Each structure stands twice: as structure tokens, then as C-alpha cells.
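Every read-out reported here was derived from the displayed coordinates using simple, explicitly stated rules and does not represent laboratory data. On a predicted model such as this, the values are computed, not experimentally measured, just so you know. No Cβ is skipped: glycine too gets one built from the backbone with ideal geometry, and neighbour counts run over all protein chains shown.
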Amino acid sequence: MEKIIFTDKNQMEIKASHGTLAFPFHVHPEKILNYKGQQFDCHWHKEMELTLICDGGMGYKANDREYLLTAGDCLFVNSNVLHMGWSVDRQNCSYYAITVNPTMLGRDDSAIAQKYVTPILNSNMLSSYLFQKEIGWQKDIIDTVEKLERVYRQKAACYEMEIVGLLMEIWELFYRNIETALQTNDMTPKSVGHIKNVLSYIFANYDAKITLADMAAAANISKSECSHAFKRFMRETPFEYLLRYRVEKSLPILMDPTQSITTAALSVGFSSASYYTEIFKRCLGMTPREYRKQETLEI
């Protein structure tokens with residue numbers, strides 16, 4: 001079954017395992033082609049994330065920074081940062097997604113958190129950071145991340161303490177080498193908040209008639225700024241995203257044998273079954289009728 005990222009109305013990821021309350025750390029092996037549409041959609045979460053590329057490569061976007069990740073790379077994505085990834089030329093990519101709650105590095109009121117962790121968490125300049133093996137200190141971080149994965153997978157005696165120790169090693173190396181950047185005047189951009197507001201509006205109103213003016217008003221920005229910022233962050237226009245989201249929301253209705261294709265179309269905001277079919281085929285490569293038949297046979 002194809003994987004999807006489940007999010008709430010604010011695009012925050014839900015229904016995902018990011019560890020436990022007692023030990024909020026998790027390592028999960030992934031393959032980009034296992035995701036629906038060969039990409040995982042834009043989302044965010046309070047955990048920081050390390051993406052360690054094992055084989056192949058993929059496109060990746062964190063806030064407004066775009067990367068082409070290849071084998072051996074490790075990408076740090078900060079807490080609460082919008083991010084998404086996709087297959088390049090339909091090629092697969094095997095990688096580890098490692099999520100780390102900031103509390104693994106110390107309580108919010110601890111000296112370590114206040115002096116070394118919070119400045120990075122609050123830095124817009126460090127919403128993401130790419131580690132590559134060609135640079136000495138970055139290679140040391142990648143080697144330690146690889147060890148993190150092994151320790152977590154093997155779960156030998158005292159593995160939790162070993163993981164905390166390794167995380168501290170990574171963070172110390174990271175902080176020492178980017179400390180100068182943290183001293184730069186660094187204001188959090190409004191753009192990320194604007195995008196989250198537009199997404200929230202789409203999630204709440206996708207089944208109604210929506211105009212660009214409506215989406216821009218939800219973020220308190222102009223229509224041109226809304227279009228430009230959204231495409232820069234999401235790699236598609238607001239309307240392209242809206243149409244794709246409507247198709248996704250239609251799937252449970254489409255799979256109900258008591259509901260017609262027209263009902264599925266109108267229920268999610270399409271003006272007609274014919275337009276729904278056109279967009280559906282553009283998004284999924286088949287018609288709603290073909291999709292329903294295929295999914296029924298697989299069941």
C-alpha cells in the first residue's frame with residue numbers, strides 16, 4: 001500500500017511514530033517510491049529531523065531552501081520547519097528518517113538547552129543544514145549519525161544512554177562550527193507563517209468555492225505575494241495544490257460503492273464530474289472509474 005503523510009488542518013504531521021513520551025527519538029528506514037505520487041507532501045512537526053541518504057537520491061525542500069540529496073548526504077531539518085521530498089526522474093532513494101525531540105538534548109530551562117540548543121531552534125538561518133562527507137567536521141557528524149542508526153536498530157544494553165551521548169556529540173560539533181552564523185541578526189520570516197495560514201484555509205474550505213483573493217486574505221497578504229510565496233515554498237501554485245488536495249479528499253468517497261463519481265466530485269468542491277475526471281487523471285494518471293476498479297481488484 002502506498003504511504004502518505006497524515007497532517008492536521010495546519011499541516012502538522014499526525015499519526016506518525018516519533019518515539020515515546022519517555023524516549024522521544026525514532027529511526028525509520030524509508031524509500032521514496034513507497035510514497036503515493038513518489039513524494040511525501042509538505043508537513044512539519046516539533047521534532048528535528050536528520051535524513052541520512054543510503055542509496056540513490058531525491059529532491060528535498062525545507063522552508064524555501066531546495067536540495068538534491070545523494071548517497072552519503074545527511075540533511076538536518078529544524079523543529080517546526082515545513083519540508084517535503086520527491087523522487088527525481090522516478091528514481092528510488094533509500095534513506096533513514098531520524099526524528100529527535102529537542103528535549104533529548106536537555107530540558108527547556110537547562111543551561112545546555114538555553115545556551116546551545118534554543119539559539120539553533122530559533123534560528124531562521126538554520127531551518128535546515130546539509131552535511132556532506134567532503135568536509136571534515138561534517139563527515140564526523142555523518143559518521144556519528146550512521147552509528148546512531150546502528151545503536152537504535154540493535155538496541156543493546158544501555159542503548160538509550162548511548163543514543164543521548166551520540167546526540168550530544170553531534171550537537172557539539174554542529175554548534176561549534178556554526179556559532180558565528182548564530183551571531184548574525186536573524187529574524188524569523190513571515191513567509192512560513194503565511195503559507196501555513198493559506199494551507200489552513202484550504203483544509204477548512206476545500207469543498208467550497210475558493211478564490212486566490214480568499215487565500216491571500218487568510219494570510220493577510222496580496223494575491224501576487226500569495227502566489228509567489230506559495231509556489232516558492234510548495235513547488236506548485238495555490239490552485240494546483242487545492243485541486244490535488246481535493247482529489248485526495250475524494251478518494252474515500254470514490255471507494256464507497258454506494259456513491260457515484262459525480263457525488264465524489266461535488267463533495268470536494270469540483271464543479272462537475274468531467275472537470276473532476278480531468279484533474280484526477282492529471283494527478284493520478286488514470287480516471288476515477290479506472291482507479292475505483294483497480295483498488296477494488298486489489299482489495
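The H on the amide N of Tyr35, modeled in the peptide plane, is under 5 Å from the matching H of Lys3, each at least 5 residues off or on a different chain.
With both residues required to sit in the chain, DSSP beta bridges show an antiparallel share near 95%. Computed over neighbours whose Cβ is under 12 Å from that of Cys54, the net charge equals -4, Lys and Arg +1, Asp and Glu -1. Build a GNM of the chain with springs between Cα atoms under 10 Å apart, and of His228, His26, His45 the one that fluctuates most is His228. Between Ile53, Ile14, Ile141, the Gaussian network model of the chain with springs among Cα atoms under 10 angstrom shows the greatest mean-square fluctuation at Ile14. Relative to the longest principal axis of the Cα atoms of the chain, the long axis of helix 223-234 makes an angle of roughly 60 degrees.
Summarising the overall dimensions of segment 190-298 from its C-alpha atoms, the Rg and Dmax are 15.2, 47 angstrom. For the chain, find the longest principal axis of its Cα atoms and tell me its angle to the long axis of helix 190-205, 0 to 90°, nearest 10. Result, in degrees: 40.
The distance between label points at Lys223 and Gln132 comes to 4.2 nm (points 7 Å beyond Cα on the Cα→Cβ vector). Any of Lys139/Lys196; Lys31/Lys293; Lys3/Lys61; Lys249/Lys293; Lys15/Lys223; Lys231/Lys293 with alpha carbons more than 29 Å apart? Name them for me. Where the Cα-Cα span goes over 29 Å, the pairs concerned are Lys139/Lys196; Lys15/Lys223; Lys231/Lys293. Between Asn34 and Met286, the contour length at 0.36 nm per residue exceeds the alpha carbon distance by 88.9 nm. With neighbour counts taken as other beta-carbon atoms within 10 Å, the residues Met161, Met104, Met125 rank, fewest first, as Met161, Met125, Met104. Sorting Thr7, Thr237, Thr180 by the number of Cβ atoms found within 10 Å of their own Cβ, with the fewest placed first, yields Thr180, Thr237, Thr7. Compared with the dominant principal axis of the Cα atoms in the chain, helix 159-182 is inclined by about 90°. Model label points for Ala204 and Ser17, set 7 angstrom from Cα along the Cα-to-Cβ axis, are 3.4 nm apart. As an equivalent ellipsoid, the chain spans semi-axes of 37, 23, 17 angstrom, where each value is the square root of five times an eigenvalue of the C-alpha gyration tensor, largest first. Estimated from helical segments only, the mean residue ellipticity of the chain at 222 nm is -14000 deg cm²/dmol, where each DSSP H run of four or more residues counts as -39500 (n - 2.57).
Extending 7 Å from Cα along the Cβ direction at Asp108 and again at Thr258 yields two label points whose distance is 4.7 nm. Sorted ascending by nearby beta carbons within 10 Å, beginning with the fewest, Trp44, Trp86 become Trp86, Trp44. Using C-alpha pairs under 8 Å with a sequence gap of at least 6, the mean separation divided by the residue count of the chain gives a relative contact order of 14 percent.
Place a label point 7 angstrom from the Cα of Leu121 along the Cα-to-Cβ direction, then list the residues of segment 192-217 whose backbone nitrogen is under 20 Å away. Under cut-off, by backbone N: 192-193. For segment 75-179, the square roots of the Cα gyration tensor eigenvalues, ordered a ≥ b ≥ c, give a/c of at least 1.5 with a/b no greater than b/c, which places it in the oblate category.
Between Ile195, Ile112, Ile32, the Gaussian network model of the chain with springs among Cα atoms under 10 angstrom shows the greatest mean-square fluctuation at Ile112.
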